[in-house]
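Engineer: First the structure, which I've put down as structure tokens, then a few questions once you've had a look.
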Amino acid sequence: LEGNRLLHLPASIGALCKLRELLLQGNELTLLPEELGRCISLTTLQCHHNRISDVPLALGHLTKLQTLYLQNNQLCGSLSALRQDVFRHMPLGDGGLGLGGNRFDLAEAFELPGARVGLGWNSGEPPPELLGLLTDRFSVTDHWFDPACSAALGDVLLVAFAAQGPGMLQWVVPCAAIRSAGIALDALYLADPSNAYYLQDPFGGWDGISYFGKLIEQYTTRYAQVLMIGSSMGATAALCHANLAHRLLAFGPRIDLRLTGGACAPKSVAVSCSAAVMHALRKMCGSAAVHVGSGNAVDVMQAEFIRGLPGVRIVEHQTFHHNMPMYLEREGLLVPLIKQELIQLLRPADNPSSRCPSPALQAPLATPLPPPLPLSVRDIQRFIVTGFLQLPPSKYVPISTHAEIACQILECGLQRSDSTRRTPYGLEMLDGDAAGNNLLKAAPALTGPALLQSPELVGALTSLLGPSYRVHPHCRAHL
């Protein structure tokens, strides 16, 4: 029933006691009838982008409801009361509770055990412990910047758009798997509190392309290499901002929202979205890979709109799934796919397929290395308290050296010839599966000034262990 300009629901809807899913987004409803609480089999209720001003207490009777989306309505009641009287009675889980883009006072913001709760783009300020929080379970904002190392700029910026839902963080687990392979991957995570293809802004208007574009550009201008990634709604958003990336991975995007997925967006906005995708792809200084399931007619149809554009590659997989990341992860292909994109970014452009060390790895240093750089008293105290220190990449070797080392380590994780199934998102690589005990053989430059002989690392180890320490490389990051 989405996108039909409905003004109200009849009281007789309460007779549908076996109804499991009810999609009402993009209508003009001002209230939900109390009788809706009799639909006791409901597991999904999507009412975002209406004009609803109150949540009936009878919804608390929906004890099977796992997904409730109420974004971009006119809700302004007490969050605490709704939590007590309605939400706590629902088994809301991964489907989540979407309350973004309303008029709630975030001073009453709450986390709900076991549920994903999205509260971005409401009024006021949340409690200090929830301020600026964007996780895979809770959010009060639309972005979070997560650097690999706070002391230095990463090799690559990953701009990761979350898919449909209550406005949660996505892609953090694949990012962790990539970092475990030695890549200094900074991440900008984006979520859409309004659940509207990133087409809305925090003020309720439809200027989201401009809003998110300016937000993303604040970060991308600092990086020489930017990889964008997104699935479904997030893939559409990534394509809208492709001009800010050097490489892009889009899984099951919607190009023309007038055909599928855009019930909540005005027709003019849907047209603008398609135009933005075309414009951004034509301006992109790189390439975009669009992955779809060959058995999903809608996804294939949508991909055809951009087939043939310069730099765009359509990849079809033998599946009907729309959730391509989930499918690829189950097949053990998702993290290797992202790694391949990173290798293409980091490898010298004149020889992208080479596995040989670049000239930067073989050339002698222009100036001799300085003596070891000891830790400050504050750094030593921090190490004692936290148990670790983050050291920036050595500034005494070219950046290209670090990039080449990262490529060599990444490639180790792509050379598995067996068909062993991976754990979710390739997390077994955190235990050294990529290079294992062959780390120094894979990237011999690590024994030189890039790492083991760098003034920064030698100074740190000397400060902590004294000058007579011995280094025994073992299984990737352990010494």
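The values are calculated or read from the model by the stated rules, or taken from the named source; none is laboratory data. As the structure is a computational prediction, the values presented were derived from the model and not from experiment. Heads up, the Cβs are rebuilt from the backbone with ideal geometry, glycines too, and the neighbour counts pull from every protein chain shown. SASA here: full protein model, heavy atoms, side chains in, ligands and nucleic acids out. Shrake-Rupley method; radii C 1.70, N 1.55, O 1.52, S 1.80 Å.
Engineer: Quick check: is even one residue across the range 362-374 modelled with pLDDT under 80, closer than 28 Å to Pro455 by Cα and in a helix (DSSP H, G or I)? Write out each step before concluding.
Structural biologist: To start, the set of residues in the range 362-374 that are modelled with pLDDT under 80 comprises 362-368.
Checking which are closer than 28 Å to Pro455 by Cα leaves us with 362-368.
Then drop every residue that is not in a helix (DSSP H, G or I), which leaves 362.
Checked against the condition, which is being modelled with pLDDT under 80, closer than 28 Å to Pro455 by Cα and in a helix (DSSP H, G or I), the range 362-374 yields at least one hit.
Engineer: Okay, moving on. Identify, by number, the condition in (1) open to solvent by 30 Å² or more (accessible area, probe 1.4 Å); (2) closer than 23 Å to Glu35 by Cβ; (3) not hydroxyl-bearing (Ser, Thr, Tyr) that Ile52 doesn't meet.
Structural biologist: (1)
Engineer: In the range 126-180, how many are assigned to a loop (DSSP other than H, G, I, E, B), open to solvent by 40 Å² or more (accessible area, probe 1.4 Å) and either among the aliphatic types (A, V, I, L, M) or touching a helix residue (DSSP H, G or I) at 6+ places or on another chain (Cβ under 9 Å) (or both)?
Structural biologist: Narrowing the range 126-180 to residues assigned to a loop (DSSP other than H, G, I, E, B): 126-127, 131-133, 135-137, 140-142, 147-155, 162-171.
Next, only the ones that are open to solvent by 40 Å² or more (accessible area, probe 1.4 Å) stay: 131-133, 135-137, 147, 150-151, 153, 164, 170.
From the residues that got through so far, the ones that are either among the aliphatic types (A, V, I, L, M) or touching a helix residue (DSSP H, G or I) at 6+ places or on another chain (Cβ under 9 Å) (or both) too are 131, 133, 135-136, 151, 153, 164, 170.
Residues in the range 126-180 being assigned to a loop (DSSP other than H, G, I, E, B), open to solvent by 40 Å² or more (accessible area, probe 1.4 Å) and either among the aliphatic types (A, V, I, L, M) or touching a helix residue (DSSP H, G or I) at 6+ places or on another chain (Cβ under 9 Å) (or both): 8 in total.
Engineer: Does any residue of the range 279-286 turn out to be touching a Leu at 6+ places or on another chain (Cβ under 8 Å), within 22 Å of Trp206 (Cβ to Cβ) and of a type outside the set (S, T, N, Q)? Lay out the reasoning, then the answer.
Structural biologist: To start, the set of residues in the range 279-286 that are touching a Leu at 6+ places or on another chain (Cβ under 8 Å) comprises 280-282, 284, 286.
Those left that are additionally within 22 Å of Trp206 (Cβ to Cβ): 280-281.
Within this subset, residues satisfying the condition of being of a type outside the set (S, T, N, Q) are 280-281.
The answer is yes, given that some residue of the range 279-286 is touching a Leu at 6+ places or on another chain (Cβ under 8 Å), within 22 Å of Trp206 (Cβ to Cβ) and of a type outside the set (S, T, N, Q).
Engineer: Turning to a different aspect of this structure: Looking at (1) exposed (fewer than 15 other Cβ atoms within 10 Å of the Cβ); (2) over 23 Å from Gly208 (Cα atoms), which one does Pro33 not meet, given that it meets all the others?
Structural biologist: The single condition Pro33 does not satisfy is (1).
Engineer: What residue, of Gln200, Gln218, is among the polar types (S, T, N, Q) and within 25 Å of Gly96 (Cα to Cα)? If you could, list the steps in order and put the result at the bottom.
Structural biologist: On the way: Gln218 fails: within 25 Å of Gly96 (Cα to Cα).
So the residue among Gln200, Gln218 that is among the polar types (S, T, N, Q) and within 25 Å of Gly96 (Cα to Cα) is Gln200.
Engineer: Being buried (at least 19 other Cβ atoms within 10 Å of the Cβ), at pLDDT below 75 and either assigned to a loop (DSSP other than H, G, I, E, B) or over 30 Å from the mean Cα position of the chain (by Cα) (or both), is that true of even one residue in the range 413-422?
Structural biologist: Taking the range 413-422 and keeping what is buried (at least 19 other Cβ atoms within 10 Å of the Cβ), we get 413, 422.
Still in the list and also at pLDDT below 75: 413, 422.
Cutting the leftovers down to either assigned to a loop (DSSP other than H, G, I, E, B) or over 30 Å from the mean Cα position of the chain (by Cα) (or both) gives us 413, 422.
Yes, the range 413-422 has at least one match.
Engineer: Please determine, by comparing only the residues of the range 71-94 that are open to solvent by 20 Å² or more (accessible area, probe 1.4 Å) and in a loop (DSSP other than H, G, I, E, B), which one is nearest to Gln200 (Cα to Cα).
Structural biologist: Result: Asn72.
Engineer: Now a separate question. Select from the range 103-123 the residues that are assigned to a helix (DSSP H, G or I) and not small (Gly, Ala, Ser) and write down the one among them that is nearest to Leu199 (Cα to Cα). Explain how you work it out, then say what you get.
Structural biologist: Pass one, the range 103-123, residues assigned to a helix (DSSP H, G or I): 106-108.
So of that shortlist, the ones also not small (Gly, Ala, Ser) come out as 106, 108.
On the way: Leu106: 23, Glu108: 27 Å.
Going through the qualifying residues, I end up with Leu106.
Engineer: Restricting the range 309-340 to residues that are among the hydrophobic types (A, V, I, L, M, F, W, C) and assigned to a helix (DSSP H, G or I), which is most open to solvent (accessible area, probe 1.4 Å)? So that I can check it myself, show each step before the final result.
Structural biologist: First, the residues of the range 309-340 that are among the hydrophobic types (A, V, I, L, M, F, W, C): 309, 312, 314-315, 320, 324, 326, 328, 333-335, 337-338.
Next cut, assigned to a helix (DSSP H, G or I) only: 324, 326, 328, 334-335, 337-338.
Working: Met324: 0, Met326: 63, Leu328: 2, Leu334: 2, Val335: 4, Leu337: 38, Ile338: 9 Å².
Out of the qualifying residues, it is Met326.
Engineer: Then there is this: Being out of contact with any strand residue (DSSP E or B) (no Cβ under 6 Å at 6 or more places or on another chain) and on the phi > 0 side of the Ramachandran plot is the requirement here; does Tyr211 meet it? Full working, then the answer.
Structural biologist: On the way: out of contact with any strand residue (DSSP E or B) (no Cβ under 6 Å at 6 or more places or on another chain): yes; on the phi > 0 side of the Ramachandran plot: no.
For Tyr211, the condition - out of contact with any strand residue (DSSP E or B) (no Cβ under 6 Å at 6 or more places or on another chain) and on the phi > 0 side of the Ramachandran plot - is not met.
Engineer: Restricting attention to the range 241-273, report how many residues are more than 24 Å from Pro147 (Cα to Cα) and out of contact with any strand residue (DSSP E or B) (no Cβ under 6 Å at 6 or more places or on another chain).
Structural biologist: To start, the set of residues in the range 241-273 that are more than 24 Å from Pro147 (Cα to Cα) comprises 251-273.
Now restrict to residues that are out of contact with any strand residue (DSSP E or B) (no Cβ under 6 Å at 6 or more places or on another chain): 253-273.
Residues in the range 241-273 being more than 24 Å from Pro147 (Cα to Cα) and out of contact with any strand residue (DSSP E or B) (no Cβ under 6 Å at 6 or more places or on another chain): 21 in total.
Engineer: Among the residues in the range 190-201, are any surrounded by fewer than 23 Cβ atoms within 10 Å (Cβ to Cβ) and out of contact with any Gly (no Cβ under 9 Å at 6 or more places or on another chain)?
Structural biologist: Applying the first criterion (surrounded by fewer than 23 Cβ atoms within 10 Å (Cβ to Cβ)) to the range 190-201 yields 201.
Filter again for out of contact with any Gly (no Cβ under 9 Å at 6 or more places or on another chain), leaving none.
Looking for residues that are surrounded by fewer than 23 Cβ atoms within 10 Å (Cβ to Cβ) and out of contact with any Gly (no Cβ under 9 Å at 6 or more places or on another chain), one finds none in the range 190-201, hence no.
Engineer: Still on this structure, I have one more. Please give the helices (runs of 4 or more DSSP H) falling wholly within the range 202-293 in which 2 or more residues are free of Cβ contacts under 8 Å to residues at least 40 places away in the same chain and surrounded by fewer than 17 Cβ atoms within 10 Å (Cβ to Cβ). Before you say what the answer is, go through the steps one by one.
Structural biologist: Working: elements: 208-220, 233-240, 267-283.
Filter on the range 202-293 gives 208-220, 267-283.
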